[in-house]
Protein chains: 2
Amino acid sequence: MRVDVLAVGTELLLGQIIDTNSSWLGEHLAMHGLHSLSQVKVGDNIDRIVGHMERMLGEADAVIVCGGLGPTHDDLTREAIARVMGVDLHLDTDVADVIRHLFSSRGRTMPENNLRQAMVPAGATIIEQTRGTAPGLICPVDRVDGLTGVLYAVPGVPHEMRDMFHRAIAPDLLRRAGRSATIVSRTLRTWGESESGLDERLRGVITELDDVGNPTLAFLASGWEGLKVRLTAAGDDAGHASAVLAPWEQRIRDILGDQIFGTDEQTMESVVLDLLADRGWTLAVAESVTGGLVAGRLTAVPGASRVFRGGLVSYASEVKFDLLGVAPGPVVTADAAEAMAVGVCDRLGSDVGVALTGVAGPESQDGEGPGTLFVGIALPDTEGRRVRSIRLRMPGDRDMMRQLSVISALDFLRRDLLAHG
Amino acid sequence: MRVDVLAVGTELLLGQIIDTNSSWLGEHLAMHGLHSLSQVKVGDNIDRIVGHMERMLGEADAVIVCGGLGPTHDDLTREAIARVMGVDLHLDTDVADVIRHLFSSRGRTMPENNLRQAMVPAGATIIEQTRGTAPGLICPVDRVDGLTGVLYAVPGVPHEMRDMFHRAIAPDLLRRAGRSATIVSRTLRTWGESESGLDERLRGVITELDDVGNPTLAFLASGWEGLKVRLTAAGDDAGHASAVLAPWEQRIRDILGDQIFGTDEQTMESVVLDLLADRGWTLAVAESVTGGLVAGRLTAVPGASRVFRGGLVSYASEVKFDLLGVAPGPVVTADAAEAMAVGVCDRLGSDVGVALTGVAGPESQDGEGPGTLFVGIALPDTEGRRVRSIRLRMPGDRDMMRQLSVISALDFLRRDLLAHG
C-alpha cells in the first residue's frame with residue numbers, strides 16, 4: 001500500500017519552517033510496512049493544492065495532508081479536500097462546541113473565524129482534537145471519473161500530527177490494507193562502531209531476516225544520539241508482534257553486547273546518569289575542547305540534579321593549572337585529562353569525574369592535529385580512586401568533532417562502570 | 001520565473017535524512033525574486049525520477065535537482081536527465097581527469113565506479129566541482145513534444161549544493177530571466193522584541209517598501225540565533241544594488257537602534273566576544289539553569305580562547321555556595337546571580353563575569369515557576385567593579401527556555417558593554 005505525503009504552507013517553500021513532518025511520516029509508515037514514494041511541499045494556493053491532491057491520489061492509495069487546517073483565510077486544506085471529493089463543507093456542531101468550550105474554559109472569547117475549523121467535508125470522519133483546536137479528517141475519495149483513495153488531513157504542528165497518526169491514521173491505514181496486524185518496534189542504540197562495521201557483524205542475522213521478512217531491521221545513523229539498530233515486527237496483536245520480535249532482539253544483543261548503550265528513547269546521558277544513581281555516586285565534568293557541551297547535554301535530562309553536581313569549563317590553560325591541578329605544560333595529553341578528572345572531583349566534591357581535552361580545530365595544539373581527543377575518568381575504588389584515560393580520533397569539522405566527543409566520553413565512562421560494577 | 005525543486009534519495013523519504021536543501025533553495029530563490037511553488041522528494045527509482053522531472057518542467061521554468069550524483073548504482077540523476085533531454089550520456093574526459101587527480105593527490109586509487117560521476121548528458125554544461133568529486137550540471141531541455149526548460153543538477157551535500165547555487169545556478173537563472181540584475185541582501189539580527197512588536201515599529205517602512213517594491217523586507221524568527229530582519233535589493237550591478245539597499249538599512253537601524261545585535265553571519269556569541277576583545281577584557285561564565293550551554297556556544301566560535309577563560313557549571317547549590325561564594329539560601333534570586341558573576345571572575349581570574357540562575361522546569365524551585373531567569377553580570381569599573389542583574393521570563397518548554405536564556409543573557413551583557421563603553 002502506497003501512502004504519499006503533501007505538506008501545505010507557503011512558509012515551507014520559503015524555508016521559514018523546515019518540513020520535518022513528511023520525514024517523520026515516511027519513517028513511521030515504513031515501520032508499518034507502508035510505502036511512501038513521493039512527498040510534496042506546496043504553498044497556500046487552492047488550485048495548486050487541489051492539483052497535487054488529485055495527481056498524488058492517482059498514484060498512491062492514500063495521501064496524508066499536513067497543515068492548512070488553521071482558522072485563517074490562508075488555511076485551505078478543508079476547501080481543497082471538499083473540491084477533490086466533489087462535496088460541500090458543512091459546520092459540524094459537535095466540533096464547534098469543542099472549540100467554543102476550549103476558548104471559554106480559558107476565559108477567552110472565541111474569534112468567529114475559529115469556526116472555520118469546524119467545517120467538515122460531507123462524508124469525512126473526524127479525528128478528534130486532543131491538544132490544538134483543529135480536528136483531523138479522514139476523507140474517502142470515490143469519484144465518478146475513477147479517482148479513488150483516502151485523504152487524511154492533520155495539523156502541521158508536529159506533536160498534534162504525530163498524535164493523530166498514532167491514534168487514528170495508522171490503524172485506519174492498516175485496516176484498509178486488510179491487515180489486522182499490530183506493529184511493535186524496538187530501537188537498540190549503539191556506539192563505538194561504524195554502520196558498515198555493524199552491518200558486517202550482523203550480516204548473518206540480516207541475511208536470515210531478509211528471508212523471513214518479519215521482523216525487519218534498519219540502521220539509522222543519528223550523530224551524537226548514537227547509531228540506531230531498529231527492529232520492527234508485525235503480529236495479530238501487540239503480544240504476538242512482541243513475541244515475533246523478542247528472539248531476534250536477543251540474538252542482536254548477544255552479538256553486539258555492551259556496544260548497545262540504550263533502548264528506544266534512552267539517551268547516552270540518561271543511561272550514564274542512571275548507572276551512577278544506581279551506585280549512589282555523584283558526577284562532575286571538566287571540559288576543555290567541548291567547552292560545556294557535556295554538561296549541557298547532561299542537564300537537558302530532567303532530574304539530572306540527583307547525580308550531576310556541576311562542571312568546570314577550563315578553556316584557558318591557566319584555569320586547568322590553577323583550579324584543576326594540571327601540571328604546567330602541554331594540555332592535550334593523557335596526563336592532563338587524568339589530572340582534570342581528579343581535579344574536578346576534588347573541586348566540586350563529586351564521587352566521579354569525567355574530563356575532556358582535545359583539538360577541535362581548525363588549528364593544531366600541543367603538536368596534536370584537529371580531531372584528537374583525550375578522555376580522563378576518575379572513580380571511587382576499594383583502594384581509594386581509580387583513574388583511567390583513552391585517546392580517540394574524532395572525524396568531522398569543528399562542530400561534529402565536539403558533538404561526537406560528548407557521546408564518546410560518556411560512553412567511555414559507561415563501559416567502565418559496567419566493567420567494574 | 002518559477003523554479004521548483006526535486007530532492008532525490010530514498011533516505012529522504014524514509015526520514016533518515018531531513019531534506020533541508022529545498023528549504024534553503026526556496027529561501028534563496030525568493031531573495032532573487034524567483035518563485036518556488038512546488039518542492040518534491042522522490043526515491044532512487046529512475047522511472048519516478050523521470051516522471052517528476054517531466055511533470056515539474058511542465059509547470060515550472062526550471063527545476064533544481066538535488067542529490068543522486070554519487071558514484072553508486074543508486075545514483076540515477078544523470079541517467080534520468082539524459083532520458084528527459086532525450087540524449088545520451090558521454091564520458092567527459094576533463095571531469096574524469098579531475099576525479100582521478102583528486103584520488104591520486106590523496107595517495108589513493110580511484111575505484112572504477114567513480115567514473116560514473118564524469119558521465120554527462122549531451123548538451124549539458126558542467127558546474128565545476130570545487131569540494132566533492134561530482135560536478136553539477138546545467139541541462140537545457142527543448143523537446144519536439146514541446147517540453148522546455150532547464151534542469152540543474154547539484155550534489156545533495158548541503159555545502160556543495162550551496163556553493164554551486166551561488167556560483168553558477170543563480171547567475172544562470174537571472175540571465176535566463178532576462179535580468180542583468182544582481183541581488184544584494186543584508187540580514188540585521190535583533191533580540192529583545194517579538195516579531196509582531198518589530199512589525200509594529202517598522203510599520204511605516206514596511207508600507208513604503210510595499211509601494212517601492214525594491215528592496216524587499218522579511219522577518220525570519222530563528223530561535224537562539226535571534227529574530228532576523230532581511231533586506232534584499234536588486235540592481236544593475238552589486239554597487240547599484242547596495243546603493244538601493246543602503247538608505248533603507250539606515251532607516252531601520254535608526255528605528256531599532258541597539259536592538260540590532262549583528263549583521264549577516266555575526267552571532268550573539270561572536271559579537272559579545274568581539275566587544276570584549278576590543279576592550280582587552282577576558283570573560284568567564286557561571287551557569288546553573290543552562291548547565292554549560294552558554295560556554296558551549298561561546299566555544300563554538302573559532303578563536304574564542306583570546307577572550308573566553310572558561311566557566312563553572314554550578315548545578316548543585318553547594319557548588320554555588322562553596323566555589324562561587326553565594327550566600328546559603330535560595331539560589332534563584334537576583335542576589336545569587338550577582339554573587340555568581342562576581343565569584344566566577346574571582347575563581348577563573350577573568351575581567352568580566354556572566355551568571356545565569358533560573359528554573360527550566362518541569363518543577364518549580366525556590367518559589368519561582370518554570371521560565372524564570374536571573375542574569376548577573378560583573379564588569380571592571382573605575383571604582384573597581386560594577387555588578388548588575390536582571391530578571392526575565394522565558395517562554396517555551398525546558399529545551400526552549402534554556403536556549404532562549406543563552407541569547408538573552410549574552411544580550412544583557414552586550415547592551416551593558418555598549419551603554420558603558
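The values are calculated or read from the model by the stated rules, or taken from the named source; none is laboratory data. From a predicted model like this one, the values you see are computed outputs, not experimental measurements. A quick note on method: Cβ atoms are made from the backbone with ideal geometry, for glycine too, and the neighbour counts reach across all protein chains shown.
Checking B:Thr190, B:Thr216 one by one, the residue that is within 14 Å of chain A (Cβ to nearest Cβ), in contact (Cβ under 8 Å) with a residue 12 or more places away in the chain and surrounded by 15 or more Cβ atoms within 10 Å (Cβ to Cβ) is B:Thr216 and no other. Sort out which residues of the stretch A:387-421 are of a type outside the set (Ser, Thr, Tyr), part of a strand (DSSP E or B) and at pLDDT 95 or above, and write them in order of number. If the condition is that a residue be of a type outside the set (Ser, Thr, Tyr), part of a strand (DSSP E or B) and at pLDDT 95 or above, then A:Val387, A:Arg388, A:Ile390, A:Arg391, A:Leu392 are the ones that fit. How about the stretch B:84-115: which of its residues are within 15 Å of B:Ile138 (Cα to Cα) and assigned to a helix (DSSP H, G or I)? B:Val84, B:Met85, B:Val95, listed by residue number. The residues on offer are B:Val229, B:Val212, and the sole one that is at pLDDT below 95 and closer than 30 Å to B:Val307 by Cα is B:Val229. The set of residues in the stretch A:305-331 that are out of contact with any Ser or Thr (no Cβ under 7 Å at 6 or more places or on another chain), crowded, with 24+ Cβ neighbours inside 10 Å and in a loop (DSSP other than H, G, I, E, B) contains only A:Val326. Scanning the stretch A:9-33 for residues that are of a type in the set (A, V, I, L, M, F, W, C), within 7 Å of another protein chain (Cβ to nearest Cβ) and in a loop (DSSP other than H, G, I, E, B) yields A:Leu14, A:Ile18.
Taken together, B:Thr93, B:Thr20, B:Thr72 contain a single residue that is under 17 Å from A:Asp19 (Cβ atoms) and surrounded by fewer than 17 Cβ atoms within 10 Å (Cβ to Cβ), which is B:Thr20.
For the stretch A:270-296, a residue qualifies if it is in contact (Cβ under 8 Å) with a residue 12 or more places away in the chain, assigned to a helix (DSSP H, G or I) and crowded, with 24+ Cβ neighbours inside 10 Å, and the qualifying residues are A:Val272, A:Leu293, A:Val294, A:Ala295. Pairs meeting the criteria (first residue in the stretch A:72-89 and closer than 15 Å to A:His52 by Cα, second residue charged (D, E, K, R), beta carbons under 7 Å, at least 6 apart or on different chains) are A:Leu76/A:Asp44; A:Ala82/A:Asp88; A:Val84/A:Glu54. When only residues in the stretch A:263-295 that are among the charged types (D, E, K, R) and more than 10 Å from every other protein chain (Cβ to nearest Cβ) count, which is farthest from the chain's Cα centre (by Cα)? Among those residues, the one meeting the criterion is A:Arg279. For B:Gly235, the test of being among the small types (Gly, Ala, Ser), touching a Leu at 6+ places or on another chain (Cβ under 9 Å) and touching a residue at least 60 places away in the same chain (Cβ under 8 Å) is failed. For the stretch A:332-348, the criterion of being assigned to a loop (DSSP other than H, G, I, E, B), within 14 Å of chain B (Cβ to nearest Cβ), over 32 Å from the mean Cα position of the chain (by Cα) and within 24 Å of B:Asp322 (Cα to Cα) is met by none of the residues. Scanning the stretch A:349-358 for residues that are more than 11 Å from every other protein chain (Cβ to nearest Cβ) and surrounded by fewer than 20 Cβ atoms within 10 Å (Cβ to Cβ) turns up just one, A:Asp351.
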